[in-house]
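Student: Quick one: the structure is below, questions incoming.
The values are calculated or read from the model by the stated rules, or taken from the named source; none is laboratory data. Here the structure is a predicted model, which means the values were calculated and not measured. Please note: Cβ atoms are built from the backbone with ideal geometry, for glycine as well, and neighbour counts cover all protein chains shown.
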Amino acid sequence: MSECLGRASIRFEQPVYIIESASVVGKKEGEGPLGLLFDLAGEDDMFGCETWEEAESSLQKQAVGLVLEKAGVSAEKINLMFAGDLLGQSIATSFGLASYGIPLMGVYGACSTCGESLALGAMTIAGNYAKNVICVTSSHFASAEKEFRFPLDYGNQRPLSATWTVTGSGAFLLSGNLNNGCYLSYSTHMSENEKSKMSKKPRAKISGITVGKITDYGMKDSMNMGACMAPASASTLERHFIDFKSQPNDYDKIITGDLGSVGQKILIDLLKEKGYDISDQHMDCGIEIFDANSQDTHSGGSGCGCSAVTLSAYILKQLEEQNWKKVLFMPTGALLSKTSFNEGKSVPGIAHALVLESCQAGA
């Protein structure tokens, strides 16, 4: 049985494996520091579609198609899919994934959705309610600006505290059903290439999670997402350290999703007040994905796709190559809508953490 730790954490008795992943990004992301690591970078952020929303749906559809292709499995082998995006009623997900015919659980955690979907997928597999699960999320700069701020044609000025919503989608195939290193039973009609893909060692394993709580410091600036989300990150990290009886130096990296340079400073300061210094271990996907000197993204990147594509393309690669043995991956989300913002409400935050470990031989 998996072990519940405190009120918010779970340590899995048997790890859940990230078998394969895929990342699809826009042109700007493809020109950034991680550009060569993404599976697919579009030359046009419309991705051949007529609207920004359709383009975001296309991101998710391509990401799921790629993860299935890379893993060598068909959609019929997937029991459940956990997916979400930033748009109203999660329309990028519903229109993008309908054609796969996979049972779907739609989730929304703002920019923390990658962490939320992976946590739900891992719990589902650990509880023996599914063998194979896909987790996917996406964001698009233009669709997010229209949803939460101003249409691009308005041409408004962005303050230096603002982050740039990443155009991208990350998809992950999870499984706990490893037999001799293989996550599905061989079929007699499978090609040798398909069997080879299925026999490949998983990219990483999820050994534990800490579910975040809504944290609200009264921030009302929708152009400063880092400041809005940093308190939630600090809350989840403190809870994680307490529940797992761990310290920052137990991890090679402690990775937030979308705080950017402004939120990073706030998070480090808040945790120092609690007695934890993460300055040596901390890394933020929003800082890594863009070049601050040449790409004019101000505080950095954000959006559902930010942590998802960075996890798929960069973080899992470091775990695979055993440059890192154990990391804490914690996407962060700002729980606002245009309705709540226009009514003068504050911007609460939330963050969910996952313990990711490299897969040693035979693990």
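Student: Taking only pairs six or more apart or across chains, which ones have beta-carbon atoms under 8 Å, a first residue in the range 32-59 that is closer than 14 Å to residue 314 by Cα and in contact (Cβ under 8 Å) with a residue 40 or more places away in the chain, and a second residue that is in a loop (DSSP other than H, G, I, E, B) and among the charged types (D, E, K, R)?
Tutor: Listed by first residue and then by second, the contacts come to 32/291; 33/291.
Student: Taking the stated definitions as given, is residue 20 of a type in the set (D, E, K, R), buried (at least 23 other Cβ atoms within 10 Å of the Cβ) and more than 23 Å from residue 290 (Cβ to Cβ)? I'd like the intermediate steps shown before the answer.
Tutor: Values: of a type in the set (D, E, K, R): yes; buried (at least 23 other Cβ atoms within 10 Å of the Cβ): yes; more than 23 Å from residue 290 (Cβ to Cβ): yes.
It is true that residue 20 is of a type in the set (D, E, K, R), buried (at least 23 other Cβ atoms within 10 Å of the Cβ) and more than 23 Å from residue 290 (Cβ to Cβ).
Student: On the basis of being in contact with a Ser or Thr (Cβ under 9 Å, 6 or more places away or on another chain) and more than 17 Å from residue 141 (Cα to Cα), does residue 290 make the cut?
Tutor: No, not satisfied.
The rows are residues; the columns are (1) part of a loop (DSSP other than H, G, I, E, B); (2) aromatic (Phe, Trp, Tyr); (3) on the phi < 0 side of the Ramachandran plot; (4) without any contact (Cβ under 8 Å) to a residue 24 or more places away in the chain.
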| site | (1), (2), (3), (4) |
| --- | --- |
| 262 | no, no, yes, no |
| 272 | no, no, yes, yes |
| 275 | yes, no, no, yes |
| 298 | yes, no, no, no |
| 306 | no, no, yes, no |
| 314 | no, yes, yes, no |
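Student: Within the group 86, 40, which residue is within 28 Å of residue 358 (Cβ to Cβ), assigned by TED's automatic domain parsing to the domain that holds residue 146 and touching a strand residue (DSSP E or B) at 6+ places or on another chain (Cβ under 9 Å)?
Tutor: None of the other options fit; the residue is 40.
Student: Of the residues 227, 232, only one is within 17 Å of residue 351 (Cα to Cα) and over 18 Å from the mean Cα position of the chain (by Cα); which? So that I can check it myself, show each step before the final result.
Tutor: Details: 232 fails: over 18 Å from the mean Cα position of the chain (by Cα).
Of the residues listed, the single one that is within 17 Å of residue 351 (Cα to Cα) and over 18 Å from the mean Cα position of the chain (by Cα) is 227.
Student: Which of the residues spanning the range 1-16 are at pLDDT 90 or above and either in a strand (DSSP E or B) or farther than 18 Å from residue 352 by Cβ (or both)? Show your work before the answer.
Tutor: Initially, the range 1-16 is screened for residues at pLDDT 90 or above, giving 4-16.
The answer is 4, 5, 9, 10, 11, 12, 13, 14, 15, 16.
Student: From 50, 56, 76, which residue is over 29 Å from residue 355 (Cβ atoms) and in a loop (DSSP other than H, G, I, E, B)? Write out each step before concluding.
Tutor: Working: 56 fails: in a loop (DSSP other than H, G, I, E, B); 76 fails: in a loop (DSSP other than H, G, I, E, B).
Result: 50 is the single residue among 50, 56, 76 that is over 29 Å from residue 355 (Cβ atoms) and in a loop (DSSP other than H, G, I, E, B).
Student: Mind listing just one residue for me: the one in the range 51-83 that is farther than 20 Å from residue 133 by Cβ and in contact with a strand residue (DSSP E or B) (Cβ under 9 Å, 6 or more places away or on another chain) and, of those, surrounded by the fewest Cβ atoms within 10 Å (Cβ to Cβ)? Spell out how you get there, then give the answer.
Tutor: Within the range 51-83, the first condition is being farther than 20 Å from residue 133 by Cβ, and the residues that meet it are 51-58.
Among the residues that remain, those that are also in contact with a strand residue (DSSP E or B) (Cβ under 9 Å, 6 or more places away or on another chain) are: 56-58.
Numbers: 56: 33, 57: 27, 58: 22.
This residue is 58.
Student: One residue is enough: does the range 219-234 have a residue meeting the conditions under 29 Å from residue 19 (Cα atoms), buried (at least 17 other Cβ atoms within 10 Å of the Cβ), touching a helix residue (DSSP H, G or I) at 6+ places or on another chain (Cβ under 6 Å) and touching a residue at least 40 places away in the same chain (Cβ under 8 Å)? So that I can check it myself, show each step before the final result.
Tutor: In the first step, residues of the range 219-234 are kept if they are under 29 Å from residue 19 (Cα atoms); the result is 233.
Keeping just the survivors that are buried (at least 17 other Cβ atoms within 10 Å of the Cβ) gives 233.
So of that shortlist, the ones also touching a helix residue (DSSP H, G or I) at 6+ places or on another chain (Cβ under 6 Å) come out as 233.
Of the ones still in play, those that are also touching a residue at least 40 places away in the same chain (Cβ under 8 Å) are 233.
Yes, some residue in the range 219-234 is under 29 Å from residue 19 (Cα atoms), buried (at least 17 other Cβ atoms within 10 Å of the Cβ), touching a helix residue (DSSP H, G or I) at 6+ places or on another chain (Cβ under 6 Å) and touching a residue at least 40 places away in the same chain (Cβ under 8 Å).
Student: Here's something else I'd like to know. With respect to residue 107, is the statement that it is in contact with a strand residue (DSSP E or B) (Cβ under 6 Å, 6 or more places away or on another chain), at negative phi and buried (at least 22 other Cβ atoms within 10 Å of the Cβ) true?
Tutor: Working: in contact with a strand residue (DSSP E or B) (Cβ under 6 Å, 6 or more places away or on another chain): yes; at negative phi: yes; buried (at least 22 other Cβ atoms within 10 Å of the Cβ): no.
No.
Student: Kindly establish whether residue 302 is polar (S, T, N, Q) and within 14 Å of the chain's Cα centre (by Cα). Working first, answer last.
Tutor: Values: polar (S, T, N, Q): yes; within 14 Å of the chain's Cα centre (by Cα): yes.
Here the answer is yes, as residue 302 does meet what is asked.
Student: Residue check: is residue 102 surrounded by fewer than 21 Cβ atoms within 10 Å (Cβ to Cβ), in contact with a strand residue (DSSP E or B) (Cβ under 7 Å, 6 or more places away or on another chain), of a type in the set (A, V, I, L, M, F, W, C) and farther than 22 Å from residue 352 by Cβ?
Tutor: Numbers: surrounded by fewer than 21 Cβ atoms within 10 Å (Cβ to Cβ): yes; in contact with a strand residue (DSSP E or B) (Cβ under 7 Å, 6 or more places away or on another chain): yes; of a type in the set (A, V, I, L, M, F, W, C): yes; farther than 22 Å from residue 352 by Cβ: yes.
Taking the combined requirement at face value, the residue satisfies it.
Student: Here's a follow-up. Considering (1) modelled with pLDDT under 95; (2) within 27 Å of residue 171 (Cβ to Cβ); (3) touching a strand residue (DSSP E or B) at 6+ places or on another chain (Cβ under 8 Å); (4) not in a helix (DSSP H, G or I), say which one residue 291 fails and leave the rest.
Tutor: Answer for residue 291: the failing condition is (3).
Student: Within the range 129-142, is even one residue in contact with a Lys or Arg (Cβ under 8 Å, 6 or more places away or on another chain), polar (S, T, N, Q) and buried (at least 20 other Cβ atoms within 10 Å of the Cβ)?
Tutor: yes
Student: Let me ask another. Looking at (1) under 15 Å from residue 308 (Cα atoms); (2) touching a helix residue (DSSP H, G or I) at 6+ places or on another chain (Cβ under 6 Å); (3) not β-branched (Val, Ile, Thr), which is the one condition that is false for residue 59?
Tutor: It fails just one condition, (2).
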